[in-house]
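See structure below.
The values are calculated or read from the model by the stated rules, or taken from the named source; none is laboratory data. Everything numeric here is computed off the predicted structure, so don't read it as measured data. Positions of Cβ are generated from backbone atoms using ideal geometry, with glycine treated the same way; all protein chains shown enter the neighbour counts. With ligands, DNA and RNA removed, areas are computed over all heavy atoms of the protein, side chains included. Shrake-Rupley method; radii C 1.70, N 1.55, O 1.52, S 1.80 Å.
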Amino acid sequence: MQNNNSEIIANQHRLDRLLKPESIALVGVSPREGTVGHDMLAVLHNGGYQGKVYLVNPRYDEIEGIPCYPSLSDIPETVDMAVLSVAGHRMEPLLEEAIKLGIGGVTIYDYCQIDGEKVSAGQPLLLERLKARAKEAGMPICGGNCMGYYNFDQNTHVSFQSPGDRKAGHISLIAHSGSIFVLPTSNDPRYRFNLVVSAGQEISTTLDEYMDFALEQPSTRVLAVFMEAVRNPEGFVEVLKKARKRGIPVVVTKVGRTEESAKLAATHSGAIAGDNTAYEAVFKKYGVIATDTLDDLMNTALLLSQGKELGQGELGYISDSGGLRELFVDTSEQYQLPFAKITEETVSKLQGRLPHGLDPVNPLDAAGSFTEDYAGVFRDCVRYIMEDPNVAVGVFEFEARDQFIYMPELVEVAKEVQQYSNKPFFVLNTFASALNAGIADDLMEHNVPLINGVETAIKAVSNLLQRRDRLQQPIAEQAPAASQAELVSKWRERLSNGIALSETESLTLLSEYGLPVATPTEVRSEEAVCAAALKSGYPVVLKTAAPGIHHKSDVGGVVLNLDSESAVRQAYRDLHDRLGPQVTVEPMVGKGTELAFGMINDPQFGPLVMVGSGGIYIEILKDRHFALAPVAADEARNMVESLKIMPLLAGARGSKAADLTALTNTLVKFSEFVAEFSDLIDEIDINPLIVNEQGCIAVDGLIIGKPPTPKI
């Protein structure tokens, strides 16, 4: 008899019954050792689960003294979560049964395929059928093809692989890969989690939902995500906004970052946008820390799991070795990690405490002779550095391993830091393969991380500082709907056919939106060319306007600095003979640095705006930055100042500095234009944009509308 007394509480999270269930049914449980059915029961019991456990397998009356039920329907209450550990051909009826019983969620390890099954008319494969049914029923599912999850706060280990004896902590790890679920949790105990989820195929529960659940847990201090793809872009962006608002850092390792240019891109902007460009832009906008490796992901998360406040300032460093300090400094310069400029007061304190011959500087080497006061010197110097107002985060580097430490008192010095400082602080062992998990575990009891490896430690600190600085920049709001209604209406019909606008049309549209452009005149005869040149005023530029030629310079379709009628006639005749009669005449713009603006419309995250080195070098140098449109002024300025070409804009070798304020304002305006027309435009290429001390002006432009929607 089914007794369904579960009620949905108003403030209950959708995944509560899935990820912190008070009762669990294990379907497919087995007494046979070495099987998934056996191991999932052992893992649940060994993890200390305190809720009710029901076993389901019609082959057995009991397993390990626990009664076995023939089916889910025979369980005398509605369970919160059921593990469906069965083969693919049995999955569909079991899921249907779970839905009808009102079970709160299921976990599926199987990869949800039936051997020999093929797509037939009107009948999708098993995985797609499961997705459709779960979506229809609103059933949360962990998996399929997953390793399950560990909720350390609830002692709920739903998996067939044990995490071992691991202390709970403050890192929530969500991983698409089962290997990433296993590696951090089955190895070094210094990484302490409150939640670890193997998302698998995301049948009905997507990455953002797990992240949202983690944000609602009081023990979460940092979200660590190993990501293959985002299946719910809107939900992903919303959860990033939520994390930013709540001050919970998000650290992501995104795999599949190959920089393959879009083969069908019609613009330079599209051609230089790699496969990961949209993700990079999303991460930057919302302060997500992007890492390249699992070590960087976990060590950054480890440092953030302290929950310490990162204020203004830079890195404070104390070491027991001059050589290791030099290595740290060299590597820090490689990753552009700045050291804090300590105050004169701190210098004076250090000077009065350091042994003779050691300089009172940051980064500091405080290792003198082995006297009774050796550890005392470090105790005081670490405190002086950590209390300096210009130090935001501190690192204490000394050699520590479980089998031997030359000065055990240094571990105690590190433990004491939290008694007087609320700044992020960690211990570093330069050697990445150091065997010091025991010391690391001991230090974590005092909320002091121990990181092995100088490079990964420096990248972790850089990640913290860069995130802090990004979060200080405001996020630009979307352009108001129909704020340019009349303008949008005027161009909507022209853009909607998906055909690239001509240069004249492109520059005209940009000009009408308020962007500075070199106004072109389009003509088709020699006499008309001469008349347009005279009206514009010499010198002028002649460009082919032949349809279908997107990159005019590549075909010799641009002639510069024509200063007389005879020069114009000669240039026109050449273009006419080679490329056809249709040309544009533009005034010759003064000298300056060539940049490029661009836009691509990402199918997941929407319009991305680009600024980069322009002219013929745009694809060669790939000196560019993308951002989600629109961008705020601070973000636009940062994009410009991050370009490799920035020294030229600043006035290298005696040249006048460019008007960066005008350039920044134009980029902001362009990004607003991009956001306004994002439903109509696929790609934009403004190249070159001439920038000098007087401002900036676009001299060439290409706008490509979205393909028309097929009529059904």
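Residues of the stretch 321-338 that are in contact with a helix residue (DSSP H, G or I) (Cβ under 7 Å, 6 or more places away or on another chain) and either within 30 Å of Lys167 (Cα to Cα) or surrounded by 13 or more Cβ atoms within 10 Å (Cβ to Cβ) (or both): Leu327, Phe328, Thr331, Ser332, Leu337.
Going through the stretch 641-658 one residue at a time, which ones are over 18 Å from Ile618 (Cβ atoms) and open to solvent by less than 30 Å² (accessible area, probe 1.4 Å)? Selection gives Gly651 alone. Scanning the stretch 660-670 for residues that are under 23 Å from Phe605 (Cβ atoms), surrounded by 24 or more Cβ atoms within 10 Å (Cβ to Cβ) and out of contact with any helix residue (DSSP H, G or I) (no Cβ under 7 Å at 6 or more places or on another chain) yields a count of 1. A residue that is hydroxyl-bearing (Ser, Thr, Tyr) and part of a strand (DSSP E or B) cannot be found anywhere in the stretch 108-116.
Cβ separations smaller than 8 Å between residues 6+ apart or across chains give the following pairs from the stretch 372-400 residues that are open to solvent by 10 Å² or more (accessible area, probe 1.4 Å) to residues that are in a strand (DSSP E or B): Asn390/Glu314; Glu399/Asn429. Note on the stretch 665-711: residues that are more than 19 Å from Glu641 (Cα to Cα), in contact with a strand residue (DSSP E or B) (Cβ under 8 Å, 6 or more places away or on another chain) and among the hydroxyl-bearing types (Ser, Thr, Tyr) amount to 1.
Set side by side, the residues Ser179, Ser219, Ser204 differ, and just one is open to solvent by 10 Å² or more (accessible area, probe 1.4 Å), of a type in the set (Ser, Thr, Tyr) and part of a helix (DSSP H, G or I), which is Ser179.
Conditions (1) on the phi < 0 side of the Ramachandran plot; (2) under 21 Å from the mean Cα position of the chain (by Cα); (3) not hydrophobic (A, V, I, L, M, F, W, C), marked per residue:
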site	(1), (2), (3)
Asn145	no, no, yes
Val158	yes, no, no
Ala168	yes, no, no
Ser177	yes, yes, yes
Gln217	yes, no, yes
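Scanning the stretch 273-310 for residues that are open to solvent by less than 30 Å² (accessible area, probe 1.4 Å), part of a loop (DSSP other than H, G, I, E, B) and either within 20 Å of Lys245 (Cα to Cα) or among the aliphatic types (A, V, I, L, M) (or both) turns up Ala273, Tyr286, Gly287, Val288, Ser305, Gln306. Of the strands (runs of 3 or more DSSP E) contained entirely in the stretch 373-462, those carrying at least 3 residues that are more than 21 Å from Val222 (Cβ to Cβ) fall at 391-397.
The condition of being under 36 Å from the mean Cα position of the chain (by Cα), free of Cβ contacts under 8 Å to residues at least 24 places away in the same chain and either surrounded by 13 or more Cβ atoms within 10 Å (Cβ to Cβ) or within 16 Å of Phe673 (Cα to Cα) (or both) holds for only one of Ser496, Ser506, Ser511, that being Ser511. Considering the conditions (1) loosely packed, with under 15 Cβ neighbours inside 10 Å; (2) outside any loop (DSSP other than H, G, I, E, B); (3) at pLDDT below 95, Asp165 is excluded by exactly one of them, (2).
Evaluated against (1) out of contact with any His (no Cβ under 8 Å at 6 or more places or on another chain); (2) free of Cβ contacts under 8 Å to residues at least 24 places away in the same chain, Asp700 falls short on exactly one condition, (2). Residues that are under 45 Å from the mean Cα position of the chain (by Cα) and open to solvent by less than 70 Å² (accessible area, probe 1.4 Å) were ranked within the stretch 554-578; the one that is farthest from Glu526 (Cα to Cα) is Val555.
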